[in-house]
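**Q** Before I ask anything, let me first share the structure, which is written out below as structure tokens.
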Amino acid sequence: MSDRIVTEVVIVGAGPAGLFQVFELGLLGMKCHIIDSLKQPGGQCTELYPDKPIYDIPALPVCGAQELIDRLLQQIKPFGAEFHLGEEAIELTTEASGRHRLLTSAGTVFDAGAVVIAGGVGSFQPRRLSLEQAPAHEGSQIHYRVKSAADFHGRKLVIFGGGDSALDWTLELAPKADSIALVHRRADFRAAPASVARMRELVAAGRLRVVEGLAHELHSVAGELKGVHVKSASGELELLDAEHLLVFFGLAPKLGPIGEWGLEIDKRAIKVDTEHFQSNIPGVFAIGDINTYPGKKKLILSAFHEAALAAFAVQHHLYPAKKQFLQYTTTSPAMQKRLGVATA
Ligand SMILES: Cc1cc2nc3c(=O)[nH]c(=O)nc-3n(C[C@H](O)[C@H](O)[C@H](O)COP(=O)(O)OP(=O)(O)OC[C@H]3O[C@@H](n4cnc5c(N)ncnc54)[C@H](O)[C@@H]3O)c2cc1C
């Protein structure tokens with residue numbers, strides 16, 4: 001387990017809300033760390049609709065969703081927030097001192113004066129194989145991500161899915177696996193056309209099998225996975241030999257651990273007040289899609305407004321004696337210095 005990281009603020013979630021929170025805290029002179037369970041920042045924008053245009057960001061008549069994230073990352077650069085990607089925030093406790101201890105799935109421990117939860121619709125988790133015996137083999141013979149491709153060389157593999165991840169790994173592993181079958185529920189594949197074409201070539205060359213159907217039941221002997229029964233649309237069962245199953249059914253958001261932190265929750269969202277965006281736990285704030293209050297609208301625009309007000313509330317929580325006043329970036333030398341644009 002790594003050492004404790006002492007910081008003013010930890011932000012949970014690197015979607016548009018969390019990223020803009022870095023900016024608003026930075027303008028007020030506060031440093032933060034930001035965590036996301038995904039491997040890249042951007043939340044829903046990057047994970048669900050990177051190529052789609054957004055039309056309701058003020059002053060940007062049209063902006064691609066990934067472009068918005070790239071612009072936010074550029075905007076927050078001067079504040080040097082430290083990113084902890086691929087780590088899920090799993091535990092949050094408040095100590096007698098009022099400071100917060102936050103633990104991530106990678107074992108990182110934060111000791112923070114304030115926590116801003118910008119967890120959106122929750123952390124994205126791989127959709128799992130919904131077979132009764134599957135959990136017993138997860139991590140050993142059933143995998144939802146590939147940590148080391150070499151682990152699968154020379155092995156009997158069955159890959160599930162019809163999207164880019166399923167096809168990419170099928171193409172990568174086909175020349176190296178002992179045998180490989182790609183199982184998809186229908187004949188059409190969502191993956192990039194070039195990958196689908198290459199996959200069909202490998203099938204024609206007899207290097208790969210494609211099976212249309214659904215996982216029906218695991219076949220295990222003495223606790224070891226030996227294969228999987230796949231059921232076709234007409235109800236026929238076929239047993240495919242397998243030492244490993246690689247499952248790529250995409251990612252789905254789950255409120256997950258946030259629901260167990262003692263926060264007041266209403267319909268899977270954290271209740272906050274609209275002056276400070278603070279939860280029922282003093283020093284724990286919530287912005288963006290994850291919060292709720294009368295009139296809440298789950299829009300990026302709303303998240304940006306909430307981040308601005310939450311930054312003032314965080315500052316007051318950390319430094320109650322500090323006098324607060326509104327400054328403009330246009331004219332404030334202090335803010336311009338923090339932004340790295342001061343001329344004098
Ligand atoms: C198809 C589509 C189109 C949309 N179009 C628009 C539009 O045109 N205009 C608009 O304003 N809005 C639009 N939205 C909504 C907009 O994307 C959301 O309002 C916005 O993404 C919310 O930002 P957020 O940062 O609050 O949450 P998210 O974008 O959901 O990001 C939250 C992040 O928190 C992380 N997280 C959650 N829990 C944890 C945890 N325990 N540990 C670590 N990380 C965690 C998640 O992995 C995620 O990356 C659209 C949404 C969709 C799906």
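The values are calculated or read from the model by the stated rules, or taken from the named source; none is laboratory data. The structure presented is a predicted model; accordingly, all values stated were derived computationally and were not measured. Here the Cβ positions follow ideal geometry from the backbone for every residue, glycine too, while neighbour counts run over all protein chains shown. These accessible areas exclude ligands, DNA and RNA; they are computed on the full protein's heavy atoms, side chains included. Shrake-Rupley method; radii C 1.70, N 1.55, O 1.52, S 1.80 Å.
**Q** So Thr93 clears everything in (1) more than 14 Å from the ligand (Cβ to nearest atom); (2) in contact with a Cys (Cβ under 9 Å, 6 or more places away or on another chain) except one condition, right? Which one?
**A** Every condition holds for Thr93 apart from (2).
**Q** Now for a separate question. Give me the pairs, please: first residue somewhere in the range 14-37 and under 14 Å from Phe110 (Cβ atoms), second residue anywhere and assigned to a helix (DSSP H, G or I) and of a type in the set (Phe, Trp, Tyr), beta-carbon distance under 9 Å, and either six or more positions apart or on two chains.
**A** Filtered contacts from the range 14-37: Lys31/Phe79; Cys32/Phe79.
**Q** Sticking with this one: Return yes when Pro282 is in contact (Cβ under 8 Å) with a residue 24 or more places away in the chain and under 30 Å from Leu167 (Cα atoms) and no when it is not.
**A** The answer is no for Pro282.
**Q** Another question, then. Looking only at the range 329-342, count every residue that is open to solvent by 90 Å² or more (accessible area, probe 1.4 Å) and under 30 Å from Gln66 (Cβ atoms) and tell me the total. Before the answer, list the steps.
**A** Step one: of the range 329-342, the residues open to solvent by 90 Å² or more (accessible area, probe 1.4 Å) are 330-331, 333, 337.
Checking which are under 30 Å from Gln66 (Cβ atoms) leaves us with 330.
Counting residues in the range 329-342 that are open to solvent by 90 Å² or more (accessible area, probe 1.4 Å) and under 30 Å from Gln66 (Cβ atoms) gives 1.
**Q** Sort through Gly113, Gly119, Gly139 and tell me the only one that's among the small types (Gly, Ala, Ser), in contact with a helix residue (DSSP H, G or I) (Cβ under 9 Å, 6 or more places away or on another chain) and away from the ligand (no atom under 16 Å from the Cβ). Give the derivation first.
**A** Working: Gly119 fails: away from the ligand (no atom under 16 Å from the Cβ); Gly139 fails: in contact with a helix residue (DSSP H, G or I) (Cβ under 9 Å, 6 or more places away or on another chain).
It is Gly113.
**Q** In the range 17-37, how many are under 19 Å from the mean Cα position of the chain (by Cα) and either away from the ligand (no atom under 12 Å from the Cβ) or surrounded by 23 or more Cβ atoms within 10 Å (Cβ to Cβ) (or both)? Before you say what the answer is, go through the steps one by one.
**A** Keep residues of the range 17-37 that are under 19 Å from the mean Cα position of the chain (by Cα), which gives 17-22, 32-37.
When the remaining residues are screened for being either away from the ligand (no atom under 12 Å from the Cβ) or surrounded by 23 or more Cβ atoms within 10 Å (Cβ to Cβ) (or both), the result is 17-22, 32, 34-37.
So the answer is 11.
Listed here are the residues, each with its yes/no results for (1) modelled with pLDDT of 95 or more; (2) out of contact with any Leu (no Cβ under 9 Å at 6 or more places or on another chain); (3) near the ligand (Cβ under 9 Å from one of its atoms); (4) over 25 Å from Tyr49 (Cβ atoms).
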| residue | (1), (2), (3), (4) |
| --- | --- |
| Phe277 | yes, no, no, yes |
| Leu299 | yes, yes, yes, no |
| His305 | yes, yes, no, no |
| His316 | yes, yes, no, yes |
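**Q** Are any residues in the range 52-67 open to solvent by 20 Å² or more (accessible area, probe 1.4 Å) and either within 21 Å of Thr108 (Cα to Cα) or within 7 Å of the ligand (Cβ to nearest atom) (or both), and if so, which ones?
**A** Lys52, Tyr55, Asp56
**Q** Then there is this: Which residues, counting only those in the range 72-91, are among the acidic types (Asp, Glu) and either open to solvent by less than 30 Å² (accessible area, probe 1.4 Å) or assigned to a loop (DSSP other than H, G, I, E, B) (or both)? Spell out the reasoning first.
**A** First, pick out the residues of the range 72-91 that are among the acidic types (Asp, Glu): 82, 87-88, 91.
Within the range 72-91, Glu87, Glu88 qualify.
**Q** List pairs: first residue in the range 212-227 and within 16 Å of Gly161 (Cα to Cα), second residue in a strand (DSSP E or B) and β-branched (Val, Ile, Thr) anywhere in the structure, Cβ distance under 6 angstrom, at least six positions apart or on different chains.
**A** Gly213/Val230; Ala215/Val228
**Q** Are there strands (runs of 3 or more DSSP E) fully within the range 92-194 with at least 2 residues that are open to solvent by 70 Å² or more (accessible area, probe 1.4 Å)? List them. If you could, list the steps in order and put the result at the bottom.
**A** Numbers: elements: 100-104, 109-117, 123-126, 156-160, 179-184.
Output list is empty.
**Q** Ok, one more. Can you tell me which residues in the range 287-335 are assigned to a helix (DSSP H, G or I) and under 24 Å from Ser97 (Cα atoms)? Steps first, please.
**A** Restricting attention to the range 287-335, the residues satisfying the condition of being assigned to a helix (DSSP H, G or I) are 288-290, 300-318, 333-335.
Once the filter is applied, which keeps residues that are assigned to a helix (DSSP H, G or I) and under 24 Å from Ser97 (Cα atoms), the range 287-335 yields Ala310, Ala311, Phe312, Ala313, Val314, Gln315, His316, His317, Leu318.
**Q** Name the single residue that is nearest to Asp111 (Cα to Cα) among those in the range 38-51 being within 6 Å of the ligand (Cβ to nearest atom) and in a loop (DSSP other than H, G, I, E, B).
**A** Leu38
**Q** Is it fair to say Glu87 is of a type in the set (Asp, Glu), under 21 Å from the mean Cα position of the chain (by Cα) and under 20 Å from Gln125 (Cβ atoms)? Give the steps one after another, and end with the answer.
**A** Values: of a type in the set (Asp, Glu): yes; under 21 Å from the mean Cα position of the chain (by Cα): yes; under 20 Å from Gln125 (Cβ atoms): yes.
Against the criterion (of a type in the set (Asp, Glu), under 21 Å from the mean Cα position of the chain (by Cα) and under 20 Å from Gln125 (Cβ atoms)), Glu87 qualifies.
**Q** To continue, here is another question. Counting only residues that are more than 14 Å from the ligand (Cβ to nearest atom) and part of a strand (DSSP E or B), which one in the range 1-10 is nearest to the chain's Cα centre (by Cα)?
**A** To start, the set of residues in the range 1-10 that are more than 14 Å from the ligand (Cβ to nearest atom) comprises 1-9.
Now drop any that are not part of a strand (DSSP E or B), which leaves 4-9.
Values: Arg4: 23, Ile5: 22, Val6: 24, Thr7: 22, Glu8: 23, Val9: 20 Å.
Checked the range 1-10; the qualifying residue nearest to the chain's Cα centre (by Cα) is Val9.
**Q** Looking only at the range 11-37, which residues are assigned to a loop (DSSP other than H, G, I, E, B) and either among the acidic types (Asp, Glu) or closer than 22 Å to Ala334 by Cα (or both)? Before you say what the answer is, go through the steps one by one.
**A** Here is the first cut: in the range 11-37, the residues assigned to a loop (DSSP other than H, G, I, E, B) are 13-15, 28-31, 37.
Answer for the range 11-37, where residues must be assigned to a loop (DSSP other than H, G, I, E, B) and either among the acidic types (Asp, Glu) or closer than 22 Å to Ala334 by Cα (or both): Leu28, Gly29, Met30, Lys31.
**Q** If I go through the range 202-257 residue by residue, how many of them are over 30 Å from Val12 (Cβ atoms) and assigned to a loop (DSSP other than H, G, I, E, B)?
**A** Filtering the range 202-257 down to residues over 30 Å from Val12 (Cβ atoms) leaves 202-245.
In the following step, the residues that additionally are assigned to a loop (DSSP other than H, G, I, E, B) were identified as 205-208, 213, 222-223, 232-236, 242-243.
Final tally of qualifying residues: 14.
**Q** Please determine, by comparing only the residues of the range 271-323 that are over 25 Å from Gly42 (Cβ atoms) and of a type in the set (Asp, Glu), which one is least open to solvent (accessible area, probe 1.4 Å).
**A** Asp273
**Q** Taking into account only those residues within the range 202-223 that are out of contact with any helix residue (DSSP H, G or I) (no Cβ under 8 Å at 6 or more places or on another chain) and β-branched (Val, Ile, Thr), which is most open to solvent (accessible area, probe 1.4 Å)?
**A** Residues of the range 202-223 that are out of contact with any helix residue (DSSP H, G or I) (no Cβ under 8 Å at 6 or more places or on another chain), as a first pass: 203-207, 211-217, 219, 221-222.
Next, from what is left, pick out any that are β-branched (Val, Ile, Thr): 203, 211, 221.
Details: Val203: 56, Val211: 13, Val221: 74 Å².
The selected residue is Val221.
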